[in-house]
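A short worksheet on the structure shown next.
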Amino acid sequence: MRASKLFLSTKREAPSDAEIASHILLLRADMIRKEVGGVYNFMPLGWRVLKKIEDIVRQEMDRAGGQEILTSAMQPAELWQESGRWYAYGPELWRVKDRNERDFCLGPTAEEVFTDTVRSSITSHKQLPFNIYQIQTKYRDEARPRFGLIRSREFIMKDAYSFDKDEAGLDKSYQDMYDAYSRVFTRCGLDFRPVEADTGAIGGNGSHEFCALAEVGEEEIIYCDNCGMAATAEKAAFADEKMPEEEMLPMEKVLTPGTKTIEDVCSFLGVPQEKSIKALLFSVWHEGSDDPEYIAVFIRGDRQLNKVKLVNTLDVPEFAVQFADEALMGPLTGAVGGFTGPVGLHDCRIIMDSELVGARNMVCGACEADHHIKNVNYGRDFKADIIADLKLLQEGDRCPVCGAPVKSAKGIEVGQVFKLRTKYSESMHAFYKDENMNEKPMVMGCYGIGVTRTMAAVVEQHHDENGIIWPMSIAPYHVIVTLVGIKDEAQKALAEEITAKLEDAGAEVILDDRDERPGVKFKDADLIGIPVRITVGKKAPERQVEFKLRREADLEVMDADAAVARALEIINAEKRG
Ligand code: ATP
Ligand code: MG
């Protein structure tokens, strides 16, 4: 490819809404262009990268026994109503109507469509197991699209679905996908970690996320170096701390003027925060109801609420739980902003963290302005409607498996695998007949890779102040031959010869023949991140060129044929990933 013909216009600056390296560099390198918020167009170089990632995904899926199909991004509402997700998926589901007012959505994922596809043709155990997948554009009307390809509203996802006879079959299918994912992300050059994960709107139970480690990642990973436990913070269980036995003292209402936070009240009363109870008030919007249900959540004052655990406990979608409007909730329940406690609260469900069961003589709000109560005890003074682990496990807390202090890291979720079990096959009646002609639900798994997000995650991990440093396996081109003097016949001839030799050997090459200063050419080559650069300049008559790897600082002057041989050796060693 001649750079003079390449549809490419690199930029010195990225727009100010681009905050992180991958977003900035993909825009500056003209790999992607923004259409509207959260929607991007792929330019030639970016599209080449994306296709290479897709190819790696495809190869590994096929190798694991998957079969590729393609379904429509337009999905009829009826399928989503059947599974119960037309409501449960919430405002992220991109709903559209046709001219006859019939409801559709632009698919954010495709469990319903795949289950529907399978139920119409699979009837016997003899046809199981199998795995079908697609690489398809997905739509999610994200509340906050940001970070370019990392959280967009239109993105490319590979989604696979496995159908098995039983749990043992699912375990094998799941493991095969887990292994395939590890190979995919390794080949893309990512430093990643599989961690136990919550299942969110997809459902089922048993799941791992594959997280590319990166400071800008939105996923918090909690891990233990001692026993190997690794989970998303959303998922990580919390081992309750056993509080010392104490005799229950009589309750005592105390004046605590203006102490609306745990810090304030604890310092005012001189008690440690672990002896206090924190209240969090929510409204829960149940399906079909115009008014919310108000709930009060209580956890130890020094803990953080894990909202995912709360919504799982309540068995409602995450979007249906919002902080309560205290002005509305107060008169109905007795809650008083900053002074709410479980004693004196009425007409609202109390959801309590399990750690409070054995906590003695705690301080909590008195449901009266400027007052708290001392020596409150669960069981004697109040009851709870639901008791569950609602705590967020944080760096330094005890590992739920072995008790050692845990660590935390940030990651970008690039893929997730789920054991759906029979969630969709039962609700959508995807049954098969076993050996004894008994009807049984198929046992399903589903497996997603964010293909476009993976591209951004790679840039996040592979860049420097000058631009992207693509791993060879997904680089848009392997080599850039930089021709310094475009009018110098000797230089031109040598650059052409090197390009031809490389291309004949199967390498993908850009010949930078543009009428630009060498500095501009070097800057662009660095920005777009081509792994190998061969510069043809003044020493062309002696067949001497500069050879430089994008990932290394030093360059080497060498014979042109040696440079070609060296480039081919590196490409062949690295292009598969
Ligand atoms: P997140 O928690 O980041 O919103 P998710 O868990 O909802 O993602 P899944 O339903 O597991 O996402 O989708 C499978 C994969 O699709 C994810 O692992 C991720 O790589 C990718 N993905 C999901 N949402 C987006 C998005 N808005 N933009 C780009 N990629 C996405
Ligand atoms: Mg996910």
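Here are the numbers:
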{"quantity": "List D176, D434, ordered by accessible area with a 1.4 Å probe, largest first", "calculated": "D176, D434"}
{"quantity": "Of K275/K419; K309/K423; K235/K433, those spanning more than 28 Å from alpha-carbon to alpha-carbon", "calculated": "K275/K419; K235/K433"}
{"quantity": "Exceeding the 24 Å Cα-Cα cut-off - candidates K5/K52; K11/K487; K51/K492", "calculated": "K11/K487; K51/K492"}
{"quantity": "Filtered trypsin sites (Lys or Arg not before Pro), the range 324-405: DSSP coil and at most 14 other beta carbons within 10 Å", "calculated": "R380, K383"}
{"quantity": "Crossing angle, helix 451-461 versus the chain [Cα axis fit, 0-90 degrees, rounded to tens]", "calculated": "80"}
{"quantity": "Taking the range 477-574 and dividing mean pair separation by its residue count, relative contact order in percent (alpha carbons under 8 Å, at least six apart)", "calculated": "31"}
{"quantity": "D515 accessible area, assembled protein chains, probe 1.4 Å, Å²", "calculated": "120"}
{"quantity": "Trypsin sites (Lys or Arg not before Pro) lying in DSSP loop within the range 415-496, provided at most 11 other Cβ fall within 10 Å", "calculated": "K487"}
{"quantity": "Cα centroid of the range 143-161 to Cα centroid of the range 446-465, whole Å", "calculated": "11"}
{"quantity": "Solvent-accessible ranking of E13, E220, largest area first, probe 1.4 Å", "calculated": "E13, E220"}
{"quantity": "Relative contact order of the range 66-200, pairs being alpha-carbon contacts under 8 Å that are 6 or more residues apart, as %", "calculated": "23"}
{"quantity": "Stokes-Einstein translational diffusion, the chain - Kirkwood Rh over all Cα pairs, 0.890 mPa s, 25 °C, in µm²/s", "calculated": "90"}
{"quantity": "Ranking by accessible area, most exposed first, for C224, C367, C402 with a 1.4 Å probe", "calculated": "C402, C367, C224"}
{"quantity": "Charge dipole (the chain, unit charges on Cβ, about Cα centre) - positive-most of A404, S283, V479", "calculated": "V479"}
{"quantity": "Helix-only [θ]222 nm of the chain, DSSP H runs n ≥ 4, -39500 (n - 2.57) each, per residue, nearest 500", "calculated": "-8000 deg cm²/dmol"}
{"quantity": "Radius, Kirkwood style, for the range 34-126 when every pair of distinct Cα atoms is counted (Å)", "calculated": "16.2"}
{"quantity": "D434-T71 pseudo-label distance in nm [points 7 Å out on the Cα-to-Cβ vector]", "calculated": "2.6"}
{"quantity": "H125 - accessible surface, heavy atoms, 1.4 Å probe, Å² rounded to 10", "calculated": "40"}
{"quantity": "For S427, solvent-accessible area (1.4 Å; no DNA, RNA or ligand), Å²", "calculated": "50"}
{"quantity": "Isolated Cys residues of the chain, judged by Cβ distance under 4.7 Å to other cysteines", "calculated": "C105, C188, C211, C266, C348, C364, C367, C446"}
{"quantity": "Sparse-neighbourhood loop sites, GluC sites (Glu not before Pro) in the range 20-122 - DSSP loop, at most 10 other Cβ within 10 angstrom", "calculated": "E101"}
{"quantity": "Positive-end residue of Q59, L25, G38, charge dipole of the range 24-77 with Cβ unit charges", "calculated": "L25"}
{"quantity": "Check: the chain dipole with +1 on Lys, Arg Cβ and -1 on Asp, Glu Cβ, in debye", "calculated": "1240"}
{"quantity": "Equivalent ellipsoid, the range 252-388 (semi-axes from 5 times Cα gyration tensor eigenvalues, Å)", "calculated": "24, 16, 13"}
{"quantity": "Percentage relative contact order, the range 77-119, counting C-alpha pairs under 8 Å, at least six apart", "calculated": "36"}
{"quantity": "C-alpha long axis of helix 560-574 to longest principal axis of the chain, angle in °", "calculated": "30"}
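The values are calculated or read from the model by the stated rules, or taken from the named source; none is laboratory data. Note that this is a predicted model, so its numbers are computed, not measured. For neighbour counting, all protein chains shown are included, and Cβ atoms are generated from backbone atoms with ideal geometry for every residue, glycine included. Quick note on the areas: whole protein, heavy atoms, side chains included, nothing else; ligands and nucleic acids left out. Shrake-Rupley method; radii C 1.70, N 1.55, O 1.52, S 1.80 Å.
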